[in-house]
Every structure is written in structure tokens, then in C-alpha cells.
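First the structure, in the form of C-alpha cells, and then the observations on it.
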Amino acid sequence: MFLRKRIGSRWMTAVLILWTAVLLLCLSAAFEQPVFAEASAHSHTSSNVACPNCGKPLTIVGSQETTCSLRGYTEYNCYECNQYHEIIYEDLAPHTWNQISTVSPTCTESGYINRRCSVCGATEKVEDGLPLGHEYQSTVIEPTCSSIGYTLHTCSRCGDSYQTDQTGTTDHTYVRTEIVAATCHSVGQMRNDCEVCGYRYTEEIPMVDHDWETETVAATHTQQGYTVYTCRFEGCNTVIRGDFTPLLPYDMVWTEQPATCTESGKRFGYCADGCGHTETVVIPALGHDYGEWMTLREADEDADGLEHHVCGRCQHTEIRTVAYDPALVDREPIKPLTWVIILFFLIVGIAVILLCFILLMEHARRDTTKQKIKRKREL
């Protein structure tokens, strides 16, 4: 463990020394002044520039040609007074450009030329043409049932586009297909397919009325006629009866045994269409049809009287006794003239009573009128 710690500390020390050396090199490079090789005595050249101190010509002790990336200079020194030293720098030389590539202007961006200096290798981009602007072409897009309509403006150069004059979608063009038929006991289904966009939906078909199949049962003498209605739809099983007709009357052929005054008769009939129906009708006894009672013997004080009447059909004779009544012997019936006289006097009496009543009412009215007049006079 001790050895490991010691080796680790040595590595850390070595790394720290290395970083310190690199930092010192960087700082020295940053602050380093140009070092010009001092010209040998035989390479010094006199110049036409006079020393400002002693007026003697300055000696050129160093120089560097100017390029497009490095500034040239001339170093002067006065060996007469040894009090003047100057370095005069020149401006950079222009680049020697060679064209590398050309980018044409677009609708939104300027064109440019890429070029490189053949001396120093520097590159630059030089603008070559202003933006061209969009050149739109208009196309009318018709609306459909799934998309809106609009006018599409598209640039023929760059493809930029925008829309105007938008319109709503159109109605779907449906093709209707019945997939499940409606019946009287279940709903159906109708599928609607748009033949333009393929949109599909299913709607319900309401139940329909029964599809009746009819069978007529004719009436007989014992059973009403009717119509049987059976629904044709599978699974419905609805059967009803209606339109009833009355029973057929029997076409009877009658034979008759007449009734008498004392015995009942019979009326027997059978149906002529061969159905086997028969009927027997009892005719009640007619009873005697007697005439008026006729006197056989008048009743008197000594014996009762006798009366008889005879049946007009069977000639049966019935006799009865009549008791003697003295009150009936002397009494005579009232004559019609007597009735007229009684009625006349009755009418006259009623008229007299009405006349008296009218006179009394008139007298009372007059008295009342007189009293009213008297009261008015007194007032």
C-alpha cells in the first residue's frame, strides 16, 4: 500500500511539471517579439533615408518581402551615432484569387462565388447576384368529400407554396348496399360507401310491416268463414285470423203435419245441399176458435139460462149456464138522445160558470182602478 501511494504521488508530480512547462511555452510564444537575424557586416546596405539625429544615411540591417498573409518590413540602423533604430512595416499584398465554385442566387438568397488565394490558401465567399424572388404559378384544387378546395400558388423555382380561396368539402357520393334485410321482427342494416373517398358507415333500417300470405276458409252452416294471415318472414311465425263471414243459411226443404185445436203439429226439414242437417219444429195446438155466445135458454126465476158457442175449425161446442139476475130484467139501456141532452146541459153550465168568473174579475179590476184614481186625487 505504501508503494502504491508513493508511485501515485510521483505520477502526479510529473504531470504537474509537464503542465507547467506547457504553460510557460505558451506564455513565451504570446509575448515573443520578432527576432530578426542580425545581418552580417558585408550584407548591410546603405539607404537613402537620413538619420534624424545626425543626418547620415541609415543602414538597412534587415528586411522581409510582403505577401498576402505576411507583412513585409525594413529595419534601419544608424551606425554613425548609434542612437537611431527603426523598423518600417509594409501593408499586406492583395490575395491572388482563383475561383473554386459558383452558387446561383435563389428565390430567397443571394448567389455567391467561392474562391481561394493561390498564395496563402485563404478562402472567401463573394456575393454574386441578388435574390430572384418567387415566381408563383396558380393551380385550382377542386374540393372533394374528404378535402377542402383551394387555389395553390407554387413557386416554379424553389417549390415554395401557399393557399388562398379555400372552399368547404362537398357531400359524399354514396352507393347504398343492403347487407341485412329488415323484417317484421328485426331491424336491417344498410351500408353506405362513398365512391369518391371510400368513407363508409352503416345505418339501421327500421322494421317493416308483416308480409302477409293469405288463405281464405269458406263459411259453412256450422262455422264462420275467415281469412288466415301468415307472415312470410322467416322466424316471425305470426298467424292471425280476420275478415270473418257469417254462417251459411241452410237450404231447408220442409214437410208439415198441421196442428189441430187440441193437438200440436210438427214441421220437419232437411238441408237440400246434402250436409245432413235436419230440424223438427213443434207447432203448438191452435186452440178452439169459438164464435159468439148464443142463448139456448133464457134464465128465469125457476131455472138458470143456457148459452153455447161453436168452434169454427173442429165444430166443438161449449155450453155454459147463466144465473138469473133480477136487476137485469127491468133495466133498459140509455138512449142516444138522452146522452145528447145531458151533454148539452153540461156544456151550458160550464159556460155560465166561466162568464160569472170573467164578470167578477172585471168588477175587481174596476174597483182597483177607482181606488188608484182616488189616491192620486188625495195626493
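Positive end of the dipole of the chain (Cβ unit charges, origin at the Cα centre): among 104, 149, 235, the Cα lying farthest that way belongs to 104. Along the Cα→Cβ direction, 7 angstrom out, place labels at residue 377 and residue 187. What is the inter-label distance in nm? The answer from the label model is 10.6 nm. Taking each residue as 0.36 nm, the span from residue 175 to residue 255 lengthens on full extension beyond its C-alpha to C-alpha distance by 21.0 nm.
Ordering 322, 280, 340 by Cα displacement along the dipole of the chain toward the positive end leaves 340 in first place; charges were set at the Cβ atoms of Lys, Arg (+1) and Asp, Glu (-1).
Shown here: percent of Cα pairs over 40 Å apart, derived from the displayed model; of the candidates (i) 41; (ii) 20; (iii) 79, it corresponds to (iii). Computed across region 132-239, the Kirkwood hydrodynamic radius from all distinct Cα-Cα pairs reaches 19.6 Å. What base-10 log of the normalised intensity I(q)/I(0) is obtained for region 221-379 from the Debye formula, alpha carbons as equal point scatterers, at q = 0.15, 0.16 Å⁻¹? Values returned for q = 0.15, 0.16 Å⁻¹ are -1.05, -1.09. Only the Cβ atoms of Lys and Arg (+1) and of Asp and Glu (-1) were treated as charged; on that basis the dipole of the chain about its Cα centre amounts to roughly 2620 debye. Each pair of Cα atoms in region 210-249 enters the Kirkwood radius, and Stokes-Einstein at 25 °C and 0.890 mPa s then converts it into a translational diffusion coefficient of 227 µm²/s. Annotation note: trypsin sites (Lys or Arg not before Pro) in region 63-125 located in DSSP loop regions with a Cβ neighbour count of at most 13 within 10 Å are 71. Restricting the GluC sites (Glu not before Pro) of region 291-374 to loop positions (DSSP other than H, G, I, E, B) with no more than 15 neighbouring Cβ atoms within 10 Å leaves 292, 298, 301. Helical content alone sets the calculated 222 nm signal of the chain at -7000 deg cm²/dmol, taking -39,500 (n - 2.57) per DSSP H segment of four or more residues and averaging over every residue. Simple point charges give the picture: +1 on the Cβ of Lys and Arg, -1 on the Cβ of Asp and Glu, and for region 97-167 a dipole about the Cα centre of about 360 debye. By the gyration tensor of its Cα atoms, with a ≥ b ≥ c the square roots of the eigenvalues, what is the shape of region 45-144: rounded for a/c under 1.5, prolate for a/b over b/c, or oblate? Verdict is prolate for region 45-144.
No value in this document is a laboratory result; all are computed from the given coordinates. Fair warning: this is a prediction, and the values are worked out from it, not measured in the lab. Cβ atoms come from the backbone with ideal geometry, glycine included; neighbour counts cover every protein chain shown.
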